[in-house]
Amino acid sequence: MKATQYTGIYAGKNAVRMEFIYRHQRCRETIHVRPTESNLRRLRDHLEEVRMAIKIGKFDYFEYFPESKNALQFSDKKAAHITIEQMMTRWYEQSYKNWAFSTEKANRGRMDNHVIPNFGKIIVDDFTPSRFREWQRTATVSAKTVNEVHSLLSQAFDFLVYDDIIDQNPMKRVRRLKHQTKEVQPFTPEEREKILLALPEGYARDFYEFAFWTGLRTGEQIGLRWENVDLERKVIFIRESIVKGRRAGTKTKGSNRTHELNQKALKVLDRVIGYGRQKGYVFLDPRFLSRWVNDGVPRERFWTKAVKKANVRYLRPYCCRHTYASTMLSDGKHPMWVAQQLGHKDWGMIRKIYGRWLKDATNHNG
């Protein structure tokens, strides 16, 4: 832009820039208007107002330039100019790269479906614990979902506390709802065997038999590579997962683990080793002899049909994991060992989810 006859006013083809000093910093604000003589005079007068307001200590950046990025930077009361939606967006953009892919998708969904529709337009300065409590009281979603929304808001408010935009996190004064964890439903040994017999022999049966006898998450099993299999030591190293068709890390740091294989899981590996070890992945889609795209493909192609054919209650494939855990505990395996096998950081989750089978785990053999 070129300088005009007015000090601090610069003109481009379809915009005009105003420059002034505020708090010892040079500020530049671009106004998207044509630089006609009448527009230049108006902006000159506006700039004189700005300079006078600065001189007498009455300048409010938001009042004069509400759309400017500088407005928030120079505001003495930033929380009065940020909406909950802006807060959440800022928190999300600064945080999501540290999340697993599945966590990012889940948090994005909770933001878009619950946080922003219910609280997005509220100014941060106007948000009170009672606002959330009222929604909490009337929400038609589960207590688990309410607590997830609570958690996201609390994390975002913490960012504002760290940046000295607010003094305290209002969500710290809101109690989370109590909710009863649903008791897991593992398959019985009879149901497990019926399902395996109903699956086509070969790729499909091997895939789910391995799931039943390792308790791996489906994404972890799809992402298992031969380079992470040590048949001599009878272990596998869980290092990656396939989430919504994409390679990703494991769910949590604790999920990155060494898993001890029992004899039934080892027999599966002995069979599948001939299917195509050169492909890299242990379990392959038989149609293309390549890694399964995602967990939905074997479920729809094989699992759903086999459960129906076996004439047993339908439970999702994830229940192979519950079946493994309950079987190990009932066989007397130590809860901490089972926790490590499943990728939990401690056995608290085992106690919480599989408490019924802990009564049988009296021998606690490793």
Seminar exercise, completed: Amide H contacts under 5 Å for ASP295, restricted to residues at least 5 apart in sequence or on another chain and with H modeled in the peptide plane, are LYS244, GLY245
Exercise. GNM, the chain, Cα, under 10 Å: largest mean-square fluctuation among GLN86, GLN263, GLN341?
Worked result: GLN263
Problem set entry | Hull-based mean projected area of the range 2-76, where the convex hull spans the alpha carbons, in square nanometres | 4.9 nm²
For this session: Give the distance, in whole Å, between the Cα centre of the range 1-51 and the Cα centre of the range 178-229.
Result: 68 Å
Exercise. What are the DSSP H helices in the chain that stretch 24 Å or more along their long axis, judged by alpha-carbon atoms, and whose average Kyte-Doolittle hydropathy comes to at least -1.0?
Worked result: 143-162
Problem set entry | Amide hydrogen neighbours beyond the local backbone of PHE20, cut-off 5 Å, H modeled | CYS27
Seminar exercise, completed: Per the Kirkwood formula over distinct C-alpha pairs, the hydrodynamic radius of the range 189-358 in angstrom is 16.2 Å
For this session: Using every Cα-Cα pair within the chain, state what percent have a distance larger than 36 Å.
Result: 47 percent
Exercise. Got a sec to turn the phi values of the range 229-239 into Karplus ³J(HN,Hα) couplings, 6.51 cos²θ - 1.76 cosθ + 1.60 with θ = phi - 60°, whole Hz, x for Gly and Pro?
Worked result: 10, 10, 5, 5, 8, 6, 9, 10, 10, 8, 10
Problem set entry | Residues SER130, SER255, SER95 arranged by fewest to most Cβ contacts within 10 Å | SER130, SER95, SER255
For this session: Would you pull out the residues with amide H under 5 Å of ILE166's amide H, same chain only if 5 or more places away, H placed 1.01 Å from N?
Result: VAL161
Problem set entry | Relative contact order (percent, whole number), the chain, Cα cutoff 8 Å, 6+ residue spacing | 12 percent
Seminar exercise, completed: Expressed to one decimal in nm², the mean projection of the alpha carbon convex hull of the range 270-309 is 3.3 nm²
For this session: Express in whole angstrom the spacing between the alpha-carbon centres of the range 121-160 and the range 307-356.
Result: 33 Å
Problem set entry | Whole-number percent relative contact order across the range 2-76, with pairs defined as alpha carbons under 8 Å at least 6 apart | 20 percent
Exercise. So if R0 is 22 Å, what FRET efficiency would HIS24 and ALA80 give, r being the distance between their Cβ atoms, rounded to the nearest 0.05?
Worked result: 0.40
Problem set entry | the range 189-358 - percent relative contact order, Cα under 8 Å, separation 6 or more | 28 percent
Problem set entry | Net lengthening on full extension, ARG246/GLU134 (0.36 nm per residue, minus Cα-Cα) | 36.4 nm
Exercise. Of ARG192, ARG233, ARG42, which is the most mobile in a GNM of the chain whose springs link Cα atoms less than 10 angstrom apart?
Worked result: ARG42
For this session: Could you list SER68, SER290 in order of exposure, starting from the residue whose Cβ has the fewest other Cβ atoms within 10 Å?
Result: SER290, SER68
Exercise. How large is the convex hull of the Cα atoms of the range 40-198 per residue, expressed in Å³ as a whole number?
Worked result: 187 Å³
Exercise. Gaussian network model of the chain, Cα springs within a sub-10 Å range: biggest mean-square fluctuation belongs to which of LYS58, LYS77, LYS178?
Worked result: LYS58
Seminar exercise, completed: Of every Cα-Cα pair in the range 81-173, the percentage lying beyond 22 Å is 22 percent
Exercise. Under a point spin-label approximation (7 Å from Cα along Cα-to-Cβ), what is the MET1-GLN155 distance to one decimal in nm?
Worked result: 4.0 nm
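Only the coordinates and a few stated rules stand behind these numbers; no lab work does. This one's a predicted model, so the numbers in the text were calculated from it and none came from an experiment. With ideal geometry, Cβ positions are generated from the backbone for all residues, glycine too; neighbour counts draw on all protein chains shown.
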